[in-house]
Amino acid sequence: MSKYLKMVWVFLKLSWLAAMEYRADFFIGIVIDTGWGVMDLIFFSTLVSSLGGLGGWNRGEVFVVVGLFRLLAVPVWAWMYASFSFLPRLVSQGELDMVLTKPVDSQFGVSFRRFSINMIGSIMTGSFFIAAGYRIIGQPPHLANALYLIWLLVVAVFLAYGMFFASVAPVLFFDRLNNVASLFTRSYDASKYPKEIYIPILQRILTTIWPVALILGVPAETLFGRPSWGALLWFHLVTLVFLIGGRVIWQAGLRRYASASS
Amino acid sequence: MASWPAAVCLRQLMMAKYFGHVRISLQNTLAYRGPIVVWLISNLLTVVAMIFVWRSASAGGLIGGFTKPELISYYVIGLFFQWFTGWTPFYWLKDEIKSGEIVGTLLVKPISPYWQIFCRELGWHLVATPVGSLATLGVFVFARHSFVVYGLWPVVLALASSVLAIFLIFSFSLCLGLLAFWFTHIGTVDAAFWGGKIFFGGQGIPVAFLSPQLIRVAYILPFRYLFSLPLEIYFAKLSPAQIGQGIVMQCLWIVFFVTLFKFMWHRGTRAYTAFGN
């Protein structure tokens, strides 16, 4: 375990060195990342001023959820997308051999390969949204709910990882799926809306087969003091299913993988 | 007069070269259909979410100058325009420049690089656009009760504007891709382009939702003419004079980016070195 943690630290340092090699790119990335937050601010300000709330969330709660969305965007984009977006090229150009022949688990090798260090903007805008949301609500969260939130956000990151990995692992079965990483990122974008706005069958799909609605929905409901023990249990169970399922798909893919001559 | 048949033959030979590129690109697209399916699902996810967001609004009233049915129709029509006008050779062009493959694919070929790249994109879009149209039709059937149409002329003019938008986005994306002649790492350039298109281009939210100051900026930048202008024409949000101004701005931006492409190509190929091909 300590070997893997040390390797994560080394990959982080290498990513930092690479980012500092192209400093203009790094600072532009921070500006663009902040810009996405500004765009969310304009969109949701217009939305809540027109609608009052959204689904089961009132105005303040909408801003808090968007803040959580921007904070969770950091592991989704800075870690998972940064690593998984290269997986199709690794497979199609035979460079996956360089990962498979290393004395570490191959899933770890592709999952922690790269990090994007320029998402400071998301941390700032996310924190701003949460503060603004609670200002509208008029009272801070209960301490117990806030502590539950920290644990549930950790589980949400695991669920996001499981879903993202399960969606990119099929590149081992299909050629040239260069854009497969966009499947999860687009559905993650949709997770900032409450599931109540969808028709029942879509709600069922978004909480079971492709449970993006749970990533933010369950932590948010717990934070707002409306936890459902069934939903909490289901949240943990689904996370476990996707973590194991992604692994199963990956291992099955590796069994049929034949290098493209590296 | 004696040279006229020779000129016609030469013209036909040149066209055959371009058609050859279209054919090869089409064959590649049909051989690797996966990316189209992924784009289809990804775009549908975004559009379906936005449709349900606006459906949850209470009926009546204007939201940013749009009625609720107009907002829902905006995203349905926008889905079609995303497929129809999404000509972005940036990704493979920058990769070919970085890897040196461009030497074999473009630099030593005796035809126009602009039109060769256009033909490669055409091959992809001959498959992607019908697929995207089918997807749009499916979403339309689902949202048909909220769908609005303001007559034949807005549709025709919007399509004409979107054809200009194709050339604009294509030329813009080409210029961004050619930055790879000088810079090793240009990923954030692409992110800035998409950020501009989504924010100032109306792909995320209608441009009308922005503050008056930002709308003025949007009217100056090219992003509005990539996506929002055809939609504004479709929804009859513009007077005939404003439509004319918008079309003229599209043409001016096309001329700008084509000129910029020629300049960057000329300077870039002089500065470029590659190895291993």
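The values are calculated or read from the model by the stated rules, or taken from the named source; none is laboratory data. Computed from a predicted structure; not experimentally measured. When we count neighbours, we look across all protein chains shown, and the Cβ atoms used for this are built from the backbone with ideal geometry, even at glycine. Just the protein is used for accessible areas: all its heavy atoms, side chains included, with ligands, DNA and RNA removed. Shrake-Rupley method; radii C 1.70, N 1.55, O 1.52, S 1.80 Å.
Summary table below
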| read-out | value |
| --- | --- |
| Exclusive hit being over 21 Å from A:ALA160 (Cα atoms), part of a helix (DSSP H, G or I), more than 11 Å from chain B (Cβ to nearest Cβ) and under 23 Å from the mean Cα position of the chain (by Cα), set A:VAL10, A:VAL66, A:VAL31 | A:VAL10 |
| Count of residues meeting criterion [within 11 Å of chain A (Cβ to nearest Cβ), touching a residue at least 24 places away in the same chain (Cβ under 8 Å) and open to solvent by less than 20 Å² (accessible area, probe 1.4 Å)] in segment B:21-62 | 6 |
| Residue within segment A:41-62 that is more than 13 Å from chain B (Cβ to nearest Cβ), touching a Lys or Arg at 6+ places or on another chain (Cβ under 9 Å) and open to solvent by less than 30 Å² (accessible area, probe 1.4 Å) present | yes |
| Helices (runs of 4 or more DSSP H) completely within segment A:145-262 that count 1 or more residues being surrounded by fewer than 22 Cβ atoms within 10 Å (Cβ to Cβ) and either within 14 Å of another protein chain (Cβ to nearest Cβ) or among the hydrophobic types (A, V, I, L, M, F, W, C) (or both) | A:181-189, A:200-207, A:229-256 |
| Residue in segment B:188-205 that is over 25 Å from B:MET50 (Cβ atoms), open to solvent by less than 30 Å² (accessible area, probe 1.4 Å), outside any helix (DSSP H, G or I) and within 13 Å of chain A (Cβ to nearest Cβ) present | no |
| Residue match in segment B:148-171 (condition: among the polar types (S, T, N, Q), more than 14 Å from every other protein chain (Cβ to nearest Cβ) and closer than 22 Å to B:VAL47 by Cβ) | yes |
| Where A:SER127 falls short, out of the listed (1) open to solvent by 10 Å² or more (accessible area, probe 1.4 Å); (2) within 14 Å of chain B (Cβ to nearest Cβ); (3) closer than 23 Å to A:TRP57 by Cα | (2) |
| Search result, residues across segment A:86-104 that are open to solvent by 10 Å² or more (accessible area, probe 1.4 Å), in a loop (DSSP other than H, G, I, E, B) and farther than 17 Å from B:TYR91 by Cβ | A:GLU95, A:THR101, A:LYS102, A:PRO103, A:VAL104 |
